[in-house]
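K.L.:
Quick one: the structure is below, and I'll ask about it shortly.
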Amino acid sequence: MAKISVTRFGEISQPLVDKILSIIDECYEVIGEPMADSIDLCMIEKSAGETFFATHDALHGKPTITIYMEQLLEIPRLVALAGIRRQAAHSVLHGSLEYYLIRVPPDLIRAIKQYSLPQGCAHGLLYSAGMAAKEYEVTRLLYSKDYIEDQVAYAKYILDPSAEEVLSWKIALRNRLEKILYLSSVIRDISCAVPLTRDEQIGAEIKNYIGKKLAHITPDCQSRIQKIIYEGFPLLDTNTFENIDLITKLVVVDILEYELKERDVT
């Protein structure tokens, strides 16, 4: 069993630490061990502007799971459980530095040159594609190990559109590059739910939630995103880097080029 080193920032009770460690250990017993012999678990009582309740990275060469307790304690129990398990799954699937220092896919390089894309836009597209691939893979793994009820709760939580999202869409419509980045971020958010759509019992319900997530954007954009997630995502295999390349290609062709071809990017 991998060693988990815990670092606490703020007032966090030992029973709460033990509970989270128990969830992670139990998950490893079911899905397999992380890539490294040890992982860092960072528990932060109060965050400074962090919007999500749990994250994973391997930027220091080994898996690091960070949990923001203030946010964690405000969400439904099943969603919190799912989120913790997802970070454990990331450490199994994406627990080394190479998964966070991703080379730019050929299709994005071509688009950068062809449309003179700003660095920030290119970075945003690559980030969304990378996250989409990894989030999809995490759900696929957890679903295959019968973590279904909690992952359905998590997907519904992520797919519930906020008032801020609707406002951000209206703002993004003023600029084509912002619109492209927004649509790529929607694909990123939906990715965690896509493996669940193929389940005979819950698939239709998850598709309805995806429909709600897309309801505030234009029908044309909805159609192109649905093409990517329902026709493109089933082609994803087990190689994360190839999956990132494929998602990037789909976004470049069906989102970026559609918006920018034979037009100015300003």
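K.L.:
What are the GluC sites (Glu not before Pro) within segment 66-104 that DSSP puts in a loop, where the Cβ has at most 15 other Cβ atoms within 10 Å?
P.N.:
Listed in order of number, the matching sites are E74.
K.L.:
Quick one: putting +1 on the C-beta of Lys and Arg, -1 on the C-beta of Asp and Glu, what dipole do you get for the chain around its Cα centre, in Debye to the nearest 20?
P.N.:
740 debye
K.L.:
Can you give the % of DSSP beta bridges in the chain that are antiparallel, to the nearest 5?
P.N.:
In the chain, DSSP labels about 25 percent of beta bridges as antiparallel.
K.L.:
Let me ask you something else. What aspartates and glutamates sit close enough to K156 to cross-link, taking a C-alpha to C-alpha distance under 13 Å and skipping anything fewer than 8 places away on the same chain?
P.N.:
Filter leaves D189, E205.
K.L.:
Also, quick follow-up: Pop the C-beta distance of C42 and E200 into the FRET formula with R0 = 41 Å and round what comes out to the nearest 0.05.
P.N.:
0.55
K.L.:
Ok, one more. Per-residue ellipticity at 222 nm for the chain, helices alone: DSSP H runs ≥ 4 residues times -39500 (n - 2.57), over residue total, nearest 500 deg cm²/dmol?
P.N.:
-17500 deg cm²/dmol
K.L.:
Need one word for the chain: rounded, prolate or oblate. Basis is the Cα gyration tensor (sqrt eigenvalues a ≥ b ≥ c); a/c below 1.5 gives rounded, then a/b vs b/c decides.
P.N.:
prolate
K.L.:
Still on this structure, please answer the following. Points 7 angstrom from Cα along the Cβ direction at R174 and S22: gap in nanometres?
P.N.:
Those two pseudo-labels are separated by 5.1 nm.
K.L.:
Also, I was wondering about something else. Pick from P219, P106, P15 the residue whose mean-square fluctuation is largest in a GNM of the chain, springs joining Cα atoms under 10 Å.
P.N.:
Residue with maximal mean-square fluctuation among P219, P106, P15: P15.
K.L.:
Using the alpha-carbon centroid of each, what span in Å lies between segment 1-52 and segment 160-176?
P.N.:
Cα centroid to Cα centroid, the span is 34 Å.
K.L.:
Also, I was wondering about something else. Excluding residues on the same chain fewer than 8 positions from K249, give the lysines whose Cα lies under 22 Å from its Cα.
P.N.:
Correct list for K249: K113, K134, K179, K227, K261.
K.L.:
Another question about this same structure. Just order 123-133, 83-93 by mean Cβ neighbour count inside 10 Å, highest at the front, would you?
P.N.:
The most tightly packed comes first, giving 83-93, 123-133.
K.L.:
For a test of the definition: using alpha carbon positions, the gyration tensor, and the 1.5 limit on a/c, classify segment 106-260 as rounded, prolate or oblate.
P.N.:
oblate
K.L.:
Rounded to the nearest whole Å³, what is the per residue volume of the convex hull around the Cα atoms of segment 1-118?
P.N.:
In segment 1-118, the Cα convex hull volume per residue is 139 Å³.
K.L.:
With the crude spin-label approximation of a point 7 Å out along Cα→Cβ, what separation in nm comes out for Q114 versus T7?
P.N.:
For the pair Q114/T7, the computed spacing is 4.3 nm.
K.L.:
May I pose another question? Please enumerate, by chain and number, the lysines with C-alpha under 16 Å from the C-alpha of K62, excluding those fewer than 8 residues away in the same chain.
P.N.:
K3
K.L.:
Which shape class applies to segment 143-219: rounded if a/c is under 1.5, otherwise prolate when a/b exceeds b/c and oblate if not, where a ≥ b ≥ c are the square roots of the Cα gyration tensor eigenvalues?
P.N.:
Judged from the Cα gyration tensor, segment 143-219 comes out prolate (a/c at least 1.5, a/b above b/c).
None of the figures in this text is laboratory data; all of them are computed from the coordinates on show. Just so we're clear, the structure is a prediction, and the values are computed from it rather than from any experiment. Here the Cβ is made from the backbone with ideal geometry for all residues, glycine too, and neighbour counts use every protein chain on show.
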